[in-house]
Amino acid sequence: MSSESNGPLFGKLIAIKDNISTGPSTPSLATTAASNTLRKHASPFAATVVRLLTENGALIAGKTNCDEFGMGSHSLNSAYGPVKNAYVRGGHALSAGGSSGGSAVAVATRQCWAALGTDTGGSVRLPAAYCGIVGFKPSYGLLSRWGVLDYANSMDTVGILSRDVPDARTLFRILNRFDEEDPTSLPPSVRARLSSADAGEKPDESARNARALRIGVPTDYCLEELSSPVHRAWIRTLNRLQDQGHQLVPVNLPSTKQALSAYYVLAPAEASSNLAKYDGVRYGSRLQDPPSHQEAEADKSGKSVLFSRYRGEGFGDEVKRRILLGAFALSAAAMDNYFIQAQKIRRLVQDDFDRVFASPNPLHTASSSSSSPKPSSAQKPAHEASPPQSTRSKVDLLITPTAPTLPPTIDDVRQQDPLATYTNDAFTVPASLAGLPSISVPVQTAGRPRSGAAADGDGGWGDVGCAGVQVIGQFGDDDIVLRMGEIVE
Ligand code: GLN
């Protein structure tokens, strides 16, 4: 793709996750979402985010492997085979995290300057944490989704993977634009409210930038699954920030415990609807061996034989599992007990965040406009009803681990059942459900260098020397999240 010779990204190589359209001009850049259903599919247009990159001088380095349609946490669910982390442990390849694992490895191994991924429930932040780089998920609606293949569109967010926070900020500034092609792109009127925050109800931005920050430490993130190296890296980061004059404030986010289950109802429900179009007629190439005339006759229309064979052969197991789960959650028999309950939990998660952040949520000031059903207080179990946070204990940001553990080996992941794999996302899905900006930044685990980039004799880099620490901010507070990311780095 051509590169503008005077743009701020001139000559910089940027890799693109394979679920983001790169357009038809370069056939080698098919857009397949790592799915057999879309093998060789060249999207007729480039995603707005890709267009913005090239207009600003970037060169598209290539498409990166990922979990099929973004569904996974280890980039193993791909039609092209697994992504491998550059780091190894005891001769065993480590998980690169998912679903944007290919983008993370491309950045970590310096095959590109930066990369785009997508983050629906953690898919930029988790691979960043596992590969020792930076992964930034902006507020939902700031970066255009036009040309991004939907997984769960109410949470899908284009994210940035880079070597450091300033590079992530550079890309964010270029990509943060209203796009009329994307109906969920925040309109200029709302953007003006975010950027002119100092003139509105929010605390003055410049004052907030100058002063020490109040950092919320969610006690609910001390899960049983939290491993000691990650816990230590988190605590050491918090102590360092306190030494620098920032204030630590313990906070409760009681709905965190239900967030993961809600996510794994809502995301598959949206996916089951979004993926219905991959039927071999509208998208994808026709089957080599289409149903015979007799088979089609037996089925009257013939279409469902074609669809089911195409989808049966084309989708991988995890995608099929999600479609089945999602279709069930949306069925008349399960709708009330699953989908509606999950929507209510989503609202509780959003309320938890709004209760602890000092700045009001610019989208919830008129709370009746939210699309999620509002739970009545009676629906909240008494032991989980949280007292209102006093103004004195409100915070500017939250700091949590990104993932409960360091990257597992690929062999270990393969032995896990899918439910165990889903727990990797426990710390990333709450911000996704609420659409909040968050960044994962690598910090040293005790006594180890941040980059273990020395070969360990197995052709890999040795064990990963860092854990991901996640900064979460109020909706629209992307700049302050980036700023704290830089302090943590
Ligand atoms: N691991 C989560 C899932 O499989 C998140 C994926 C993502 O953010 N795309 O749904």
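Bear in mind that the values in this text are calculations on the coordinates, not laboratory data. Computed from a predicted structure; not experimentally measured. With ideal geometry, Cβ positions are generated from the backbone for all residues, glycine too; neighbour counts draw on all protein chains shown.
List of remarks:
- Selection within the range 228-273 - of a type in the set (Val, Ile, Thr), in a helix (DSSP H, G or I) and over 22 Å from the mean Cα position of the chain (by Cα): ILE235, THR237
- In the range 309-365, the residues that are in a helix (DSSP H, G or I), surrounded by fewer than 20 Cβ atoms within 10 Å (Cβ to Cβ) and among the small types (Gly, Ala, Ser): GLY312, ALA327
- Tally, over the range 113-142, of residues that are within 21 Å of PHE10 (Cα to Cα) and surrounded by 24 or more Cβ atoms within 10 Å (Cβ to Cβ): 4
- Selection from the range 151-182 of residues that are hydrophobic (A, V, I, L, M, F, W, C) and assigned to a helix (DSSP H, G or I): VAL165, ALA168, LEU171, PHE172, ILE174, LEU175
- Residues of the range 153-178 classified as more than 16 Å from the ligand (Cβ to nearest atom) and more than 18 Å from LYS17 (Cβ to Cβ), total: 9
- The set of residues in the range 32-61 that are surrounded by 24 or more Cβ atoms within 10 Å (Cβ to Cβ), of a type in the set (Ser, Thr, Tyr) and part of a loop (DSSP other than H, G, I, E, B) comprises THR32, SER35.
A quick yes/no check of all residues on (1) under 27 Å from ASP463 (Cα atoms); (2) out of contact with any strand residue (DSSP E or B) (no Cβ under 6 Å at 6 or more places or on another chain):
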| site | (1), (2) |
| --- | --- |
| LEU29 | no, no |
| ARG39 | no, yes |
| PHE45 | no, yes |
| LEU52 | no, yes |
| GLU55 | no, yes |
| PRO82 | yes, yes |
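- Only one of the listed residues (SER103, SER43, SER28, SER21) is under 18 Å from the mean Cα position of the chain (by Cα), more than 16 Å from the ligand (Cβ to nearest atom) and small (Gly, Ala, Ser). That residue is SER21.
- Residue within the range 106-114 that is touching a helix residue (DSSP H, G or I) at 6+ places or on another chain (Cβ under 9 Å), in contact (Cβ under 8 Å) with a residue 40 or more places away in the chain, within 27 Å of LEU266 (Cβ to Cβ) and outside any helix (DSSP H, G or I) present: no
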